[in-house]
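Trainee: The structure under discussion is supplied below as structure tokens; questions concerning it will follow.
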Amino acid sequence: MLDSLHRARTEAISKILGNSDKNSLEQIRIEYLGRNGRINQEAKIITSLTKDEKVEFGRALNEAKRAIEGALDEALSEREAVEQQSFDPTIPGILPPVGSTHLISQAIEEISSIFTQIGFTRRRYPEIETDWYAFEGLNMPKDHPARDEQETFFVEGGLVLTPHTSSGQLREMLSSKPPIRMINIGKTYRRQSDLTHIPMFHQFEGLVIDEGLSISNLLGTLDYFAKNFFGEKREIRLRPYNFRFTEPSFEVDISCDVCGGVGCKFCKQGWLELGGAGMVHPNVLKAGGVDHKKYRGFAFGWGVERTYMMKSGIKLGDIRTILSTDIRHLSQF
Ligand code: DAH
């Protein structure tokens, strides 16, 4: 009566032992324990048994089921353990995302390295300034339009967030002796925010003070920068302008790289405006404690963002996106 049941049980367990294939183990479960499986087939004879035999057979039947189930569970958990152990340390790991230098930092590094190659010293001066360094000492009297309350951020104690890096000119003159070759790159602040302006931006300010300097030294320096930064074929030109701290003053233009200075739909006149420059005003030399009879100086101050965009051809529809912290935006550069 029990022989056939025992045979089925032994058969099932021998198939399970050493088997590590999930699908085939599932097949075995169906074959033996499924609704029409071997064990249920064996159980059919129960109706023909006596009461005592039924008790004995029932127990053996339950034991056979439990034994097969136990063997299946064990085989499956063994398989899982093996799976977890199969770790191959030679497989290359998943690299964490690597950041890159911000667009503006890249520009600052490049500008800085071009000027330091010709003997300029990189400087950084305070972003919060007194009125004197920001305006007065730069020959900008109290009624000068650049002091317009609409443009300047005033902070407590009569201080301002420096609206330009030109304030560094005075600090440089007062802290070192000529000859001076400074490139001051830093943050500047103005109360403006629209498609082409951001309230915090960057400028680089050059200041050179020495004996016998003339406009041709200024032009030569700017030309050197333009050729290194924008490319050999680019030309520089000066246009008369008016800044209080330089005399004469100029706006500096660079030839358009699309048409080479002839005029096209990108530049209109063939030239693009870079920023301001000039020969340092005697009043500024005096304010900086420099002997204005012996020394002359030239200076220039340009926006980093503007200059960089001109070079890279990156056209941001809205300059404010440059302050974005969105990694999808930043990772493009
Ligand atoms: N400080 C001026 C500005 O922010 C730019 C400038 C013009 C700087 C002429 C100079 C200069 O050094 O010589 O608009």
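Rule-based calculations on the coordinates, nothing more; no lab input. The structure presented is a predicted model; accordingly, all values stated were derived computationally and were not measured. Using ideal geometry, Cβ is built from the backbone for each residue, glycine included, and neighbour counts are taken over all protein chains shown.
Trainee: So how far apart, in nm, are the two label points at K311 and D131 if each is 7 Å from Cα heading toward Cβ?
Mentor: Going from the K311 label point to the D131 one covers 3.8 nm.
Trainee: Between the range 27-45 and the range 235-283, what is the C-alpha centre distance in whole Å?
Mentor: Here the answer is 94 Å between Cα centres.
Trainee: As an exercise, find the ratio Rg/Rh for the range 234-333 from alpha-carbon atoms, using the Kirkwood inverse-distance average for Rh.
Mentor: Ratio of gyration radius to Kirkwood radius: 1.12.
Trainee: Here is a follow-up. For D194 and D291 in one chain, what is 0.36 nm times their gap in residues minus the Cα-Cα distance, to one decimal in nm?
Mentor: Between D194 and D291, full extension yields 30.7 nm more.
Trainee: Using all C-alpha to C-alpha distances in the range 58-164, build P(r) with 10 Å bins and read off the rounded percent in each one.
Mentor: The distribution over the range 58-164 is 10, 17, 15, 12, 6, 7, 8, 9, 8, 6, 2, given as percents.
Trainee: Hey, if you drop one equal point scatterer on each alpha-carbon of the range 2-86 and run the Debye formula without solvent, what base-10 log of I(q)/I(0) do you get at q = 0.13, 0.24, 0.27 Å⁻¹?
Mentor: The calculated log intensity ratios at q = 0.13, 0.24, 0.27 Å⁻¹ are -0.45, -1.11, -1.30.
Trainee: In debye, nearest 20: dipole of the range 9-167 around its Cα centre with unit charges on the Cβ of K, R (+) and D, E (-)?
Mentor: For the range 9-167, the charge dipole is close to 1160 debye.
Trainee: I've got another one for you. Report the residue, chosen from K265, K51, K177, that carries the largest GNM mean-square fluctuation when the chain is represented by alpha-carbon nodes joined by springs under 10 Å.
Mentor: K51
Trainee: Here's a follow-up. Is the shape of the range 121-280 rounded, prolate or oblate, going by the alpha carbon gyration tensor and its root eigenvalues a ≥ b ≥ c, with a/c under 1.5 for rounded and a/b larger than b/c for prolate?
Mentor: oblate
Trainee: Express in nm, to one decimal, how much length is gained between E26 and D52 on full extension, taking 0.36 nm for each residue of separation and deducting their alpha carbon distance.
Mentor: Contour length minus Cα-Cα distance gives 5.9 nm.
Trainee: Expected output is a single nm value to one decimal: the length gained when fully extending between D73 and K177, i.e. 0.36 nm times separation in residues minus the C-alpha distance. What is it?
Mentor: 28.8 nm
Trainee: Give, rounded to the nearest 20 debye, the magnitude of the charge dipole that the range 103-330 has about its Cα centre when Lys and Arg contribute +1 at Cβ and Asp and Glu contribute -1 at Cβ.
Mentor: Using Cβ point charges on Lys, Arg, Asp and Glu, the range 103-330 gives about 420 debye.
Trainee: So what's the Cα pair-distance distribution over the chain, bin width 10 Å, in %?
Mentor: In whole percents, the pair-distance histogram is 5, 19, 21, 12, 4, 3, 5, 7, 8, 8, 6, 2, 0, 0.
Trainee: Just in the range 111-189: which trypsin sites (Lys or Arg not before Pro) are loop by DSSP and have at most 16 other Cβ atoms within 10 Å?
Mentor: Answer in residue order: R124, K142.
Trainee: Calculate, for E232 and S113, the FRET efficiency according to 1/(1 + (r/R0)^6) with r their C-beta to C-beta distance and R0 22 Å; round to the nearest 0.05.
Mentor: 0.80
Trainee: So for the chain: antiparallel DSSP bridges make up what percent, rounded to the nearest 5?
Mentor: 95 percent
Trainee: Roughly how many Å is it from the Cα centre of the range 50-96 to that of the range 209-232, as a whole number?
Mentor: Between the Cα centres of the range 50-96 and the range 209-232 lies a distance of 82 Å.
Trainee: What residues of the range 13-41 lie in the reach of a label at A60, counting those whose backbone N is under 17 Å from a point 7 Å from the Cα along Cα→Cβ?
Mentor: Label zone hits: 13, 38-41.
Trainee: Once you put a point 7 Å from the Cα of K265 and another 7 Å from the Cα of D326, both along the Cβ direction, what distance in nm separates them?
Mentor: 2.8 nm
Trainee: If each of D143 and R35 carries a label point 7 Å out from its Cα toward its Cβ, how far apart are those two points in nm?
Mentor: 10.2 nm
Trainee: Where a Cα-Cα gap under 27 Å defines reach, which lysines qualify for K44, not counting those fewer than 8 residues away within the same chain?
Mentor: K15, K54, K65
Trainee: Then there is this: Given the options P145, P89, P178, which has the most mean-square fluctuation in a GNM of the chain, springs set between C-alpha atoms less than 10 angstrom apart?
Mentor: P89
Trainee: Identify the chymotrypsin sites (Phe, Trp or Tyr not before Pro) of the range 1-106 meeting these criteria: DSSP loop state and at most 16 other C-beta atoms within 10 Å of the C-beta.
Mentor: Those satisfying the criteria are F87.
Trainee: Please give the charge dipole size of the range 27-67, origin at the Cα centre, charges +1 on K and R Cβ atoms and -1 on D and E Cβ atoms. Round to the nearest 20 debye.
Mentor: 200 debye
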